[in-house]
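Remarks on the structure that follows.
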């Protein structure tokens, strides 16, 4: 009966005119499920959550890092923030963006901010992943992040080159979309994935190469300045206009969002401490609350049956 009732109702979260204190922790909370595979040939090693508290040592060895970055899409912004964080901690960074420097795509964020990376000592180059060796020249690297490929055809040339060049650590930005639909949430490492998903083939291939250290990351909804998606703007648009935020069903379904700065700090931690892991999952009814906190407004809720109809 409870299930039947919940399927017929929705939560509506109303922004209140009464201000509330800003939540100082929201901006830097880890709102994603990072999946780290460390020095393992099988993508089933679940890293202990306790290691999430680890922080990079001030004496951590400086690394030479190559970032192969997409020229568009929701993941493109990750490379910029990752490079900026690494440069800020003294690492050497080269970011290889797919395509041509003169492309119209480079006239949009985050590429319009690449001058910041150069000013901080970073190197920016353009080219095709299949020609990665020619593009970067004789430079040697300790770490490679592939933040571009969605299938084996795109990533294999980079991974093969990295292995032959003696790269010690290989990181890959995968996707939470590879999981099979199931009844148990949240998804965790080891849950069934779609065998025909391009990212899955990449993850398995990287495991077979036996790098000294490797990890794949499966972010879902990425937010932050420079991102080309607007998954959070819909919420704020309704909040500032005093409109309710409809939440389907019971609102208890689990989801997650990743601020690109948090995602970048997680990637940086993977270099400084490859066995680190953390998780934080949100229910659908919690997400509007986070947006309301950032907008300085209080939360009011009500329930409404779908059969009532009407506009919001």
Scan the strands (runs of 3 or more DSSP E) fully inside the range 1-120 and keep the ones with 1 or more residues being modelled with pLDDT under 50. 9-16
Lone qualifier among 200, 158 - being touching a strand residue (DSSP E or B) at 6+ places or on another chain (Cβ under 6 Å) and over 15 Å from residue 144 (Cβ atoms): 200
Quick check on the range 243-253. Is at least one of its residues modelled with pLDDT under 75, out of contact with any helix residue (DSSP H, G or I) (no Cβ under 6 Å at 6 or more places or on another chain) and over 30 Å from residue 87 (Cα atoms)? yes
Meets criteria (buried (at least 18 other Cβ atoms within 10 Å of the Cβ) and on the phi < 0 side of the Ramachandran plot) for residue 252: no
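If we scan the range 157-171, do we find a residue that is within 14 Å of the chain's Cα centre (by Cα) and either at pLDDT below 95 or buried (at least 16 other Cβ atoms within 10 Å of the Cβ) (or both)? Steps first, please.
Step one: list which residues in the range 157-171 are within 14 Å of the chain's Cα centre (by Cα), which gives 171.
Keeping just the survivors that are either at pLDDT below 95 or buried (at least 16 other Cβ atoms within 10 Å of the Cβ) (or both) gives 171.
Yes, because at least one residue in the range 157-171 is within 14 Å of the chain's Cα centre (by Cα) and either at pLDDT below 95 or buried (at least 16 other Cβ atoms within 10 Å of the Cβ) (or both).
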Looking only at the range 268-284, decide whether some residue is in a strand (DSSP E or B) and modelled with pLDDT under 75. yes
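Being touching a helix residue (DSSP H, G or I) at 6+ places or on another chain (Cβ under 6 Å) and buried (at least 17 other Cβ atoms within 10 Å of the Cβ) is the filter here, so list the residues in the range 207-218 that pass it.
214, 215, 216, 218
The rows are residues; the columns are (1) touching a helix residue (DSSP H, G or I) at 6+ places or on another chain (Cβ under 9 Å); (2) touching a residue at least 60 places away in the same chain (Cβ under 8 Å); (3) over 22 Å from residue 75 (Cα atoms).
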{"position": "115", "(1), (2), (3)": "no, no, no"}
{"position": "138", "(1), (2), (3)": "no, no, yes"}
{"position": "145", "(1), (2), (3)": "yes, yes, no"}
{"position": "153", "(1), (2), (3)": "yes, no, no"}
{"position": "165", "(1), (2), (3)": "yes, no, yes"}
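The values are calculated or read from the model by the stated rules, or taken from the named source; none is laboratory data. The shown structure was predicted, so the numbers you read here are calculated from the model rather than taken from an experiment. Glycine also receives a Cβ, built like all others from the backbone with ideal geometry; neighbour counts cover every protein chain displayed.
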